[in-house]
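Read through the structure below, which is laid out as structure tokens, and then see the notes.
No value in this document is a laboratory result; all are computed from the given coordinates. Treat the numbers as computed from the prediction; the structure is a model and nothing was measured. As a convention, Cβ positions derive from the backbone with ideal geometry for all residues, glycine included, and neighbour counts pool all protein chains shown.
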Amino acid sequence: MKRLYLVITLAFSILMFQASARDIFVSTGGNDNNPGTQNQPVASLIGARNLIRQLKTNGVKDDFRIVVSKGTYFMSEPLVLTPEDSGTESAPFTITTELDAHPVFIGGIQIKNWEKVSDKLWKAQIQEVNRYGLYFEQLYVNGQFATRAKSPNRGFYSLKKVIETVADSGSGRFPRVAVQKLILPAPAVDDLKKLTETDYDDALITFYHKWDNTRKRITAFDAENAAVFISGEGMKPWNKLDSISRFTIENYKAGLDTCGEWFLNRDGYLYYMPREGETIENTKIYAPVTSHLVVFKGNETTRQKAQHIRIENLNFAVSAYRTPVLGNEPAQAAAPVDAAIAADYASHVELVNCEISQTGTNAIWFRKACTDCNISHCYLHDLGAGGIKIGDISIPKDEQDLTKNIVADNNIIRTGGFVFPCAVGLTIFQASDNRVTHNEIANFRYSGVSVGWVWGYTDSPTKRNIIEFNHIHHLGWGELCDMGGVYCLGSSEGTSVSNNVIHHVYSFDYGGWGLYTDEGSTGIRMENNLVYACKNSGFHQHYGKENIIRNNIFAENIKAQLQATRIEKHLSFTFTNNIVWFNSGSLLTSNWSKINLKSDNNCYWDARTKDIRFDKQTFGEWQASGKDKNSIIADPDFSNPRAFDFRIRNKSMLKRIGFKSFDYSKAGVYGSDEWTALGKFDPKIAAQYDEAIQKLEKR
């Protein structure tokens, strides 16, 4: 009854605001010189914003709302909202739509002047390339990220050897300037021989090494010695390019050799090889012209914020990323990479029921000094990097500039890393007291959620973050390493990672984990999570302090179930009331048997044998060492583990270990049938994932 009262009250409040607000209408048939009435609408969001600013300057005191009609709107620059555009707590400045309208805002141009070169190749002249230097690096075809001409078409080449020459050592942990000589395999040499002189200006080599990507232009090529040279910063000693590193070569005309690929010449000719079923008539192709679509920009000097702004029901698509002249140095989680919708010094900003797709960068970033903002019921997909970023990558000098109280609830964040494979579905950098709940996060090449941005036991402001009821899955694809479904860093007291379902996390080499407490993770509680089908283990702690791993189900992980690495004198974590079920690999790996942990009241079961080994010890020997004194070896009797149905039928086991049953079906998005159906993963992509993993497992 109380909930019904709240709903009625909220609806009444909205209606009252709508009745008192002055609406400025936007239509594809409008004109930005119009007065913005329903009969004489403006043509753009920027036009509506400018009109409202002018009305305010002229003394109009109304609360304003922008109402957008259906249609496709093209943006050549972002909508920038500043403190002068702010609403109030009782009447937020709102950008919304007419009833049943679904407008789309495109940050680019549609390419229509295609002609057939052959049945397998189209071309179009892009005048803006010659006239204005619009050399774009992304192309979006029928709502999806298209592949720029590259080789190999599938998979990677592997480096044979790397030799670094340092030009300037600098004073940091790695050389300030260096040249790397990379010895290549024969197929890659053959590809590079096909590059023209103009290709060298724009071709990129993307390296995959451990958890990072390095994106570099070619400095020189020595075909006779099978070597290519790149330059820039020196290699990081903790993650060098080496013979395990792999790479692709991108953006050269001879690489245009398979369906779905494209190439843009500097003379303005764009070439595309259509996929099966695509015709010039049924294919919509967009090229991006702006990297940002919406920017919330407060005043850093005065700390006046852009605030009480709400954007709802809008669809934003097509944005750009342009590679710097010297390329991209490696950066964990693609940390510096911007977002299509970005906010600094913003408060009480809401993005509700919006769609953001086809980005060259991330979708959304609440970065510096953002507080009390909300992203809910948004669909973020086909992303050049990740979905949502919260907090700055640097600790603010003034504590009041720390980003906090950001809520990301009930969003679908899916399919990304097209430009930066090392990007994360959702990242919390230097930020506290945020809530990440009921999100669907899937189909990224690195981690699903990353929390914390301090390595080791240095003071960190990232506290009390809530990561709960999320469905996180199908990550890695065997392309990078050192990843987790939920990846944690640094002192994070009060942080909860609970009631999540995490599965199918597969790394190239080491580090495909479900729950991962990395360097210095401290004070984190992980409970009521279901973790299964991860490569290296369901839980791994590299090193940390006083974490609580309690009442979780770890099942069917491939190489091992539980892993811990660094041996430290303090209590690393407690591991209690968990169920561990497996039918492949080992129970423990690395130094689990040697670290300082409290482990008790757990249930272990190996479907292959009752003689479970705890490292090299029998269960009795393990208990005699002081571990798991009240734990049991018992079959939890899952309903159907082969079909990933982990409902527990052995009720007596639950009582014996004090396990509290939790409903893992509550993880993920909620709401209408249409919304929850959209949240379900495409079975075709799941099958492709399984096929890729099966091949990697056979190596």
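Observations on the model:
- Cα-derived Rg to Rh of segment 440-549, Kirkwood definition: 0.94
- For SER245, nonlocal amide neighbours, meaning residues 5 or more places apart or on other chains whose placed amide H falls under 5 Å from its own, are LEU159.
- Charge context of PHE554, other residues only, Cβ under 14 angstrom, K/R +1, D/E -1: 0
- Computed label-point distance, nm, for sites ASP673 and THR28 using a 7 Å Cα→Cβ extension: 3.1
- Loop-located GluC sites (Glu not before Pro) in segment 165-264 whose Cβ has at most 12 other Cβ within 10 Å (DSSP): GLU197, GLU224
- Estimated vicinal HN-Hα couplings, Hz - segment 49-55 in sequence order (Karplus 6.51, -1.76, 1.60; Gly, Pro = x): 4, 5, 5, 5, 4, 5, 5
- For GLN400 and ASP62, the difference between the fully extended length at 0.36 nm per residue and the C-alpha to C-alpha distance is 118.5 nm.
- Length gained on full extension, LEU121 to ALA331: 72.0 nm, using 0.36 nm per residue less the C-alpha separation.
- Stokes-Einstein diffusion coefficient of segment 438-675, Kirkwood radius over Cα pairs, 37 °C, 0.692 mPa s, in µm²/s: 187
- Remark: the LYS695-SER639 segment gains 17.3 nm on full extension, using 0.36 nm per residue and subtracting the alpha carbon distance.
- Within straight-line cross-link reach of LYS651, lysines at Cα separation under 17 Å, skipping those fewer than 8 residues along the same chain: LYS660
- Residue-wise HN-Hα coupling along segment 217-231, computed from phi with Karplus coefficients 6.51, -1.76, 1.60 (Hz; x: Gly, Pro): 7, 8, 7, 7, 9, 10, 5, 4, 9, 6, 10, 10, 10, 10, 9
- Ranked list, fewest to most other Cβ atoms within 10 Å of each Cβ, for ASP409, ASP459: ASP459, ASP409
- Cα-based shape type of segment 605-699, given that a ≥ b ≥ c are square roots of the gyration tensor eigenvalues and the cut on a/c is 1.5: oblate
- ASP212 long-range amide H proximity, modeled H, under 5 Å: CYS481
- Normalised alpha carbon radius of gyration of segment 157-254 [divisor 2.2 N^0.38 Å]: 1.05
- Along segment 464-480 the Karplus relation, 6.51 cos²θ - 1.76 cosθ + 1.60 evaluated at θ = phi - 60°, assigns HN-Hα couplings of 6, 8, 10, 10, 9, 6, 9, 10, 10, 6, 6, 10, x, 6, x, 9, 10 Hz to successive residues, with x for each Gly and Pro.
- Residues whose amide H comes within less than 5 Å of that of ASN315, counting only those at least five positions distant or on another chain, are PHE105, GLU355 (H built at 1.01 Å from N in the peptide plane).
- Of all DSSP beta bridges in the chain, antiparallel share, percent nearest 5: 30
- Near ALA643, once Lys and Arg are set to +1 and Asp and Glu to -1 for all other residues with Cβ below 15 Å from its Cβ, the sum equals -1.
- Length, then width, then depth: along the principal axes, the Cα atoms of segment 69-183 run 62, 52, 33 Å.
- Here the label points at ALA624 and ASN583, each 7 Å from Cα along the C-beta direction, are separated by 3.3 nm in the simple model.
- Mean residue ellipticity, 222 nm, helices only, the chain: the sum of -39500 (n - 2.57) across DSSP H runs of n ≥ 4, divided by residue count and rounded to 500, is -3500 deg cm²/dmol.
- The label-point distance for PHE74 and THR88, in a model that sets each label 7 Å from Cα toward Cβ, rounds to 4.1 nm.
- Hits among lysines - C-alpha to C-alpha of LYS666 under 16 Å, sequence gap 8 or more where chains match: LYS680
- Normalising the average separation of contacting C-alpha pairs (under 8 angstrom, six or more residues apart) by the number of residues puts the relative contact order of the chain at 8 percent.
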